[in-house]
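*Asks:* The structure that follows is given in the form of structure tokens.
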Amino acid sequence: MTRFNVLTLFPQMVKEAMSVSIIGRSQKKSIIDIKCYDIRDYSTDKHKKVDDTPYGGGKGMVMMAEPIARCYEDICKNSATTPLFIYMSPAGKQFTQKIAKELSKYSNIALLCGHYEGIDERVLDKFVDERISIGDYVLTGGEIPAMVLIDAVCRMIPGVLSDSECFEKESYYNNLLEHPHYTKPALWRGISVPDVLLSGNHSEIEKWRNENSISQTLKYRKDLINN
């Protein structure tokens with residue numbers, strides 16, 4: 001079983017979103033385990049304070065090092081193996097399908113969700129193994145990026161999807177976008193499904209799909225071909 005430990009100020013947000021659809025079913029089947037830890041529970045302050053003003057001045061607040069450290073140490077203490085510790089950060093390396101595939105090989109992952117102006121750099125330097133970004137933009141917190149990572153990684157884990165082809169032929173798996181998809185009816189508002197898909201000739205259908213996968217990539221994401 002693959003375990004995801006989410007260090008967050010909003011555990012309910014993650015729990016609810018991850019309790020439905022494929023990810024929810026995979027948890028019920030004990031293929032994956034998603035545990036959320038409220039960083040506030042590890043504050044030494046009676047008011048559960050987890051942030052303070054930044055040294056050097058400036059606007060906003062910074063998440064304190066100690067509550068995060070105590071939370072992570074508690075996770076390690078209750079884990080058979082030390083988790084790979086990832087901080088979801090705009091400063092991290094860009095999340096890709098290749099990284100998702102690599103992360104699917106780990107049985108224990110911890111994800112730190114930041115808030116406010118950021119996190120005391122000292123706790124990041126001391127504990128964090130990787131910094132990962134889901135894009136060149138800023139969100140209100142790290143929960144959504146953490147859930148994006150979990151969702152993408154889980155699809156690579158055996159048993160989560162019914163068949164490995166479900167992800168091996170998806171966009172980005174081989175640096176190509178998927179071919180176009182069609183379903184019934186065969187004629188919709190004067191637009192018909194390509195004849196080859198109705199032919200029953202599986203070798204020709206596979207050839208068409210491969211060709212159109214390349215053409216879609218060249219049309220919409222030429223940069224993937226160059227990579």
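*Asks:* Before we move on, is Glu143 in contact with a Cys (Cβ under 6 Å, 6 or more places away or on another chain) and acidic (Asp, Glu)?
*Replies:* Taking the combined requirement at face value, the residue satisfies it.
*Asks:* Which one is surrounded by the most Cβ atoms within 10 Å (Cβ to Cβ) among residues in segment 1-16 that are part of a helix (DSSP H, G or I) and out of contact with any Cys (no Cβ under 6 Å at 6 or more places or on another chain)?
*Replies:* The qualifying residue surrounded by the most Cβ atoms within 10 Å (Cβ to Cβ) is Met13.
*Asks:* Take the conditions within 20 Å of Leu139 (Cβ to Cβ) and at pLDDT 95 or above and apply them to Met18. Does it pass?
*Replies:* yes
*Asks:* Any idea which residue in segment 82-95 is nearest to Gly141 (Cα to Cα), counting only those that are exposed (fewer than 15 other Cβ atoms within 10 Å of the Cβ) and touching a residue at least 40 places away in the same chain (Cβ under 8 Å)?
*Replies:* It comes out as Ala91.
*Asks:* Consider only pairs whose beta carbons are under 9 Å apart and that are at least six residues apart or on different chains; among these, list those whose first residue lies in segment 184-202 and is assigned by TED's automatic domain parsing to the domain that holds Asn212 and within 15 Å of Asn212 (Cβ to Cβ) and whose second residue is in a helix (DSSP H, G or I) and among the acidic types (Asp, Glu).
*Replies:* Short answer, once both residue conditions are applied: Val196/Glu204.
*Asks:* Now for a different question. Residues of segment 91-105 being closer than 22 Å to Ile75 by Cβ and in contact with a Lys or Arg (Cβ under 9 Å, 6 or more places away or on another chain), which ones?
*Replies:* Correct list: Gly92, Ile99, Ala100, Ser104.
The values are calculated or read from the model by the stated rules, or taken from the named source; none is laboratory data. Quantities reported herein were computed from a predicted structural model and do not represent experimental measurements. Every residue, glycine as well, gets a Cβ built from its backbone with ideal geometry; the counts of neighbours run over all protein chains shown.
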